[in-house]
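A.B. asks: Could you have a look at this structure, given as C-alpha cells, before my questions?
All of the numbers you see were taken from the coordinates with simple rules; none came from a lab. Remember, predicted model here, so these are calculated numbers, not experimental data. We place every Cβ from the backbone using ideal geometry, glycine too, and count neighbours over all the protein chains shown.
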Amino acid sequence: MKYRAIFFDRDGTLTRNSPDWEELRRDCLSRWSGRPFQDSEEFFMRNFRRVLDGGFPFAPYHNVDEELQFFRQWYLFAFEELGITENIEERADFLTEHLWYLKKEPYSETEEVLRYFQKKGFRIGVISDCPPSLELSLRNCGLHDYFTSFTASSLVGAGKPSPIIFQAALTAQDVSASESIFVDDTRTETDGARQQGFTAFWLDRTGKNVGEFIVKNLLELVSFVEKKG
C-alpha cells in the first residue's frame with residue numbers, strides 16, 4: 001500500500017497544554033478562591049455544559065471570537081462555583097486572554113516527525129475534537145505550516161469516532177481512508193478510524209500497552225513507513 005496522507009489528533013498526540021499556562025491558571029484560581037484548585041474533566045464539562053445550555057448567542061461557537069466569548073463565560077461560571085466574587089469581570093478577561101486552548105506545546109519528537117512526512121510528500125492533516133481555534137493554536141506553537149488541512153469537530157458538527165469527521169478530513173485532502181494513516185492517543189477514536197478504513201495507530205505514551213498498531217511515540221510511525229518502503 002502506498003500511503004498518500006497522514007492525519008494526527010492534536011491534544012495528547014502532537015501537543016500538550018503548556019505547563020506554564022496550566023500553572024498560572026491553577027495559581028490564579030487557587031489564590032482567588034482561597035483554596036487549592038483541583039482541576040478535573042468533570043469540573044470542566046460541568047461548566048462547559050452550563051454555557052452550552054445557557055442560551056448564549058455564542059454557544060455553540062462557530063469561530064474564534066465566539067469561542068473566546070464562550071470561555072469567558074465558562075470562567076464566570078467557574079468563579080461562581082469556586083466562590084470567587086471579587087473583580088470577576090477583570091479576572092475573566094485576564095484568563096480569556098491567556099485561553100488555554102491556544103497555549104499548546106509540541107512533544108519533543110513532534111516537529112521531527114512532521115518534517116519527515118512533509119519531505120516524503122505526504123498530505124498532512126489534523127483531526128481534533130476541539131473548538132475553532134485549532135488552526136490558530138498550531139500556528140502559535142510553530143507547527144501550522146506542516147499541515148494542509150485542519151478538521152475541528154466544532155466546525156464539522158461531529159466528533160471522533162463519528163464517520164462524519166473522518167470523511168470531512170479525507171475530503172479536505174482528496175484521499176481515501178485506505179491511502180491514509182491516522183494516529184490518536186485515545187483508543188476508541190483509533191478504533192473508529194480503523195473501522196473507516198484507515199491504517200490507525202493508538203499512541204500510548206505510557207508504554208504500558210503493546211501491539212501491532214500501538215506506538216509509544218510518534219517516531220515509531222516513521223519506522224512503520226520506512227519498513228513499508
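A.B. asks: Using 1/(1 + (r/R0)^6) with R0 = 30 angstrom and r between the beta carbons of Thr188 and Asn63, what's the FRET efficiency to the nearest 0.05?
C.D. replies: It comes out at approximately 0.55.
A.B. asks: Where in the range 147-191 is the amide nitrogen less than 15 Å from a point lying 7 Å along the Cα-to-Cβ axis of Leu52?
C.D. replies: 153-162
A.B. asks: Find how much the distance from Phe94 to Glu80 grows on full extension, using 0.36 nm per residue of separation minus their present alpha carbon separation; answer in nm with one decimal.
C.D. replies: This chain segment gains 3.4 nm when fully extended.
A.B. asks: Place +1 on the Cβ of every Lys and Arg and -1 on the Cβ of every Asp and Glu in the range 46-139, take the dipole about the Cα centre, and give the residue among Ala92, Leu76, Leu52 whose Cα lies farthest towards its positive end.
C.D. replies: About the Cα centre, the residue reaching furthest to the positive side is Leu52.
A.B. asks: Just need the relative contact order of the range 19-102 here, percent rounded to a whole number, with Cα pairs under 8 Å and 6+ apart. Mind showing how you got there, number by number?
C.D. replies: Numbers: 55 pairs, mean separation 23.7, N = 84.
Contact order relative to length: 28 percent.
A.B. asks: With a 10 Å cut-off between alpha carbons and a GNM built on the chain, which of Pro106, Pro161, Pro57 moves the most?
C.D. replies: In the Gaussian network model the winner is Pro57.
A.B. asks: Using unit Cβ charges (K, R positive; D, E negative) and no other charged atoms, how large, in debye to the nearest 20, is the dipole of the chain about its Cα centre?
C.D. replies: 840
A.B. asks: Would you look at the GNM of the chain, springs on alpha carbons closer than 10 Å, and say which of Tyr75, Tyr116, Tyr61 moves the most?
C.D. replies: In the Gaussian network model the winner is Tyr116.
A.B. asks: Based on DSSP H runs of at least 4 residues, each adding -39500 (n - 2.57), what is the mean residue ellipticity at 222 nm of the chain after dividing by all its residues, to the nearest 500 deg cm²/dmol?
C.D. replies: Dividing the helical sum by the residues of the chain leaves -14000 deg cm²/dmol.
A.B. asks: Apply the Karplus parameterisation 6.51 cos²θ - 1.76 cosθ + 1.60, with θ equal to phi minus 60°, to every residue of the range 4-14 and state each ³J(HN,Hα) to the nearest whole Hz, in sequence, with x for glycine and proline.
C.D. replies: Computed from phi, the couplings for the range 4-14 are 10, 9, 9, 10, 10, 5, 8, 5, x, 10, 8 Hz.
A.B. asks: Please give the Cα centre distance for the range 43-65 versus the range 132-164, rounded to the nearest Å.
C.D. replies: When both Cα centres are located, 19 Å separates them.
A.B. asks: Now for a different question. Using R₀ = 45 Å, calculate the FRET efficiency as 1/(1 + (r/R₀)^6) where r is the Cβ-Cβ separation of Thr171 and Lys208; round to 0.05.
C.D. replies: 0.80
A.B. asks: Could you list which residues have their amide H under 5 Å from that of Phe7, counting only those 5 or more apart in sequence or on another chain, with H placed in the peptide plane?
C.D. replies: Gly125, Ile181, Phe182, Val183
A.B. asks: In terms of the Cα gyration tensor, with a ≥ b ≥ c the square roots of its eigenvalues, is the range 151-206 rounded because a/c is under 1.5, prolate because a/b exceeds b/c, or oblate?
C.D. replies: Working: a/c = 1.97, a/b = 1.27, b/c = 1.55.
The shape class here is oblate.
A.B. asks: Another one. Stokes-Einstein diffusion coefficient for the range 19-102 at 37 °C in a medium of 0.692 mPa s, Rh from the Kirkwood formula over Cα pairs: what value in µm²/s?
C.D. replies: 251
A.B. asks: How big is the gap, in Å, between the Cα center of the range 100-124 and the Cα center of the range 68-91?
C.D. replies: So the two Cα centres are separated by 34 Å.
A.B. asks: Let me ask something additional. Which listed residue (Thr188, Gln118, Pro131) has the Cα farthest towards the positive end of the charge dipole for the chain, taking +1 on Lys and Arg C-beta and -1 on Asp and Glu C-beta about the Cα centre?
C.D. replies: Gln118
A.B. asks: Another question, if that's okay. So what's the projected area for the chain, the Cα convex hull averaged over all directions, in nm²?
C.D. replies: 12.9
A.B. asks: Taking amide H positions as placed in the peptide plane 1.01 Å from N, state which residues far from Leu203 in sequence (5 or more) or on other chains have amide H under 5 Å from it.
C.D. replies: Asp184, Asp185, Thr186, Val215
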